[in-house]
Amino acid sequence: MKGAYVTREKLTLIKGGLALPYESDKKSFISAYVTNTRLMGVVGMYIHWRAGTGKNPLDFHQFFYFDVEELGFESYKSVTGNDIMELRQLEQTLMGGLGGDKISISQREATGIIQTYAEINNRLSLPFPPGKKEYAFLLNGKIDMSDREKRDLLKLQCVEINSDYLAINYFLMRIFAKDHEAAGFLTKNAFPLDVYADIPIATLHMNTIDYFEGETGSSYLCESLIEHDTSYMLIISEITVKNYRVASFEKRSVMHISAAEAAMMLSRPEFVTVYEILSPPEDFDDELSGLALDAILSIHENGKLFLSFNKSNDHVNNRVFRLNEDVSGLYFITDYGQMIIAAYSVKKIRAIEKDLRKSTLAKMLLPVSKYEFKEPVLYEFIQSDFDDFEDFIDFIKK
């Protein structure tokens, strides 16, 4: 309307309601744990707080994921309330592939751990994960720890070493990752750790250990397959072990190899069982959610892949160590109506089949076929344009 006008008075916003849990001054520490997976190069941590007083305090749960080698404090998630399913799913999403045990820690120890890994972000100018306002209070007020406390804190994050194979495989894993702090934790006495200083940070994919008679302690020759930025090397080292600690370490040889040669070394059989899904997708998904709760989900163009990991990192305790042997099994649910399970040993595929027979999914699945391949093919199928696994197998046979 012509000539009409509206006056706007200055408004003042008054914050009401309860403060968010992480903002509360009356926040009490309930419990915390850290995974003893430091020697694998990754660590998970959880803290439980209770905020507020009175009849209805709020429970606040924080989950942290740390990458020791390059990314530092990498991921963070939180939950307010005590929804058990939500907590378990979030824990699995962030820490499901770590293996290891949950070690109870104090509030001071938890704070010391997050500040230790935050230093990597600060030193390398790495961004902190989203949600910093929720965990900023843990970064404020630097905790001064003695050398003894720092070593004790490191020990909490490390699995017990009770074999020469564990000592050697973890040691070489940390050496090639340039993680000299953890490598030094595995030594018996001081000696140079940078014998491969000319090699960039690399991943240890495979290590084969052979015993030979040495002058002192147990001596081993180790053949290590490592990768740096899609470049592969085969490295021979000599290691002596005393009381499950590395006593000496020497370089023997370094040889570059092709990706094809590395693939041949890492090749292993894959056992596959194919099922036809008899129920509607929504019913099957509801039943699957319970079985796959301990698996990592990834979405692909032609279906969903659930990756199940071993409950521990016992695969490190072998004469022949393979990094990818932490996978227990794979479940791929196609949009075409098939469920394909895969494992890398007869024992594991039979265990998966047995679990399915005992589950509520059994009445919804019809076994169709079984295969044994000399090398993995499931990932090739997932990345292909095929909808039906049987059609894919017919194609690669031709």
- Using alpha-carbon positions, the gyration tensor of the chain gives root eigenvalues a ≥ b ≥ c; with a/c under 1.5 called rounded, otherwise prolate if a/b exceeds b/c, else oblate, the class is oblate
- Query: Can you run phi through the Karplus equation (6.51, -1.76, 1.60; θ = phi - 60°) for the stretch 379-394 and list ³J(HN,Hα) in whole Hz, with x for Gly and Pro?
  - Reply: 5, 5, 5, 4, 8, 8, 9, 7, 9, 10, 5, 5, 5, 4, 5, 4
- Given backbone amide H placed at 1.01 Å from N, residues whose amide H is under 5 Å from that of GLU74, ignoring those fewer than 5 places away on the same chain, are TYR65, PHE66, ASP67
- Message: What are the ³J(HN,Hα) couplings of the stretch 157-166, residue after residue, when phi is run through the Karplus curve with 6.51, -1.76, 1.60 and θ = phi - 60°? Round to Hz, x for glycine and proline.
- Response: 8, 10, 5, 5, 9, 10, 7, 5, 4, 4
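When the dipole is taken about the Cα centre of the chain, and only Lys, Arg (+1) and Asp, Glu (-1) are charged at their Cβ, what size is it in debye, to the nearest 20? If you can, show how the numbers build up before the last one.
Details: 44 positive and 58 negative charges, 341 e Å.
Its charge dipole is roughly 1640 debye.
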- Note on the structure: The farthest towards the positive end of the charge dipole of the stretch 24-110, of the residues LEU87, GLY97, SER75, given +1 on Cβ of Lys and Arg and -1 on Cβ of Asp and Glu, is LEU87
- Message: I'd like the trypsin sites (Lys or Arg not before Pro) in the stretch 121-206 restricted to DSSP loop residues with at most 13 other Cβ atoms within 10 Å, sorted by number.
- Response: LYS142
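For the stretch 285-370, which trypsin sites (Lys or Arg not before Pro) are both in a DSSP coil and crowded by at most 13 other Cβ atoms within 10 Å? Before the final figure, lay out the partial values.
Details: sites: LYS304, LYS311, ARG319, ARG322, LYS347, LYS348, ARG350, LYS354, ARG357, LYS358, LYS363, LYS370; in loops: LYS311, ARG319.
Sites meeting the loop and neighbour criteria: LYS311.
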- How big is the gap, in Å, between the Cα center of the stretch 211-267 and the Cα center of the stretch 171-194? 14 Å
- Cα gyration tensor, the stretch 249-363 - rounded (a/c under 1.5), prolate or oblate: prolate
- Item | Selection from ILE299, VAL346, VAL272, by position along the positive dipole direction of the stretch 268-397 (Cβ) | VAL346
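So what's the back-of-envelope 222 nm ellipticity for the chain, counting only DSSP H runs of four-plus at -39500 (n - 2.57) apiece and dividing by all residues, rounded to 500?
Details: 11 runs with 113 residues, N = 398.
Taken over the chain, the calculation gives -8500 deg cm²/dmol.
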- Task: Quick one: check the C-alpha center-to-center distance for the stretch 87-110 versus the stretch 36-62, whole angstrom.
- Result: 9 Å
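Of the GluC sites (Glu not before Pro) in the stretch 298-362, which ones lie in a loop per DSSP and count no more than 13 other C-beta atoms within 10 Å? Show your work: numbers first, answer last.
Values: sites: GLU301, GLU325, GLU353; in loops: GLU301.
Of the GluC sites (Glu not before Pro), the ones in loops of the stretch 298-362 whose Cβ has at most 13 other Cβ atoms within 10 Å are GLU301.
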- Note on the structure: Quick calc, the stretch 225-340, dipole around Cα centre from Cβ unit charges on Lys, Arg (+) and Asp, Glu (-), nearest 20 debye, gives 1080 debye
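Sort 252-260, 74-82 for me by packing, meaning the mean count of neighbouring Cβ atoms within 10 Å per residue, highest on top. Write down the numbers at each step before the final one.
On the way: 252-260: 10.9, 74-82: 16.1.
Ranked by mean Cβ neighbours within 10 Å, highest first: 74-82, 252-260.
Any read-out appearing in this document is the output of simple, stated calculations on the displayed coordinates, not a laboratory observation. The model shown is predicted, which means the values in this text are computed figures rather than measured ones. So basically every Cβ, Gly included, is an ideal-geometry build from the backbone, and we count neighbours across all protein chains shown.
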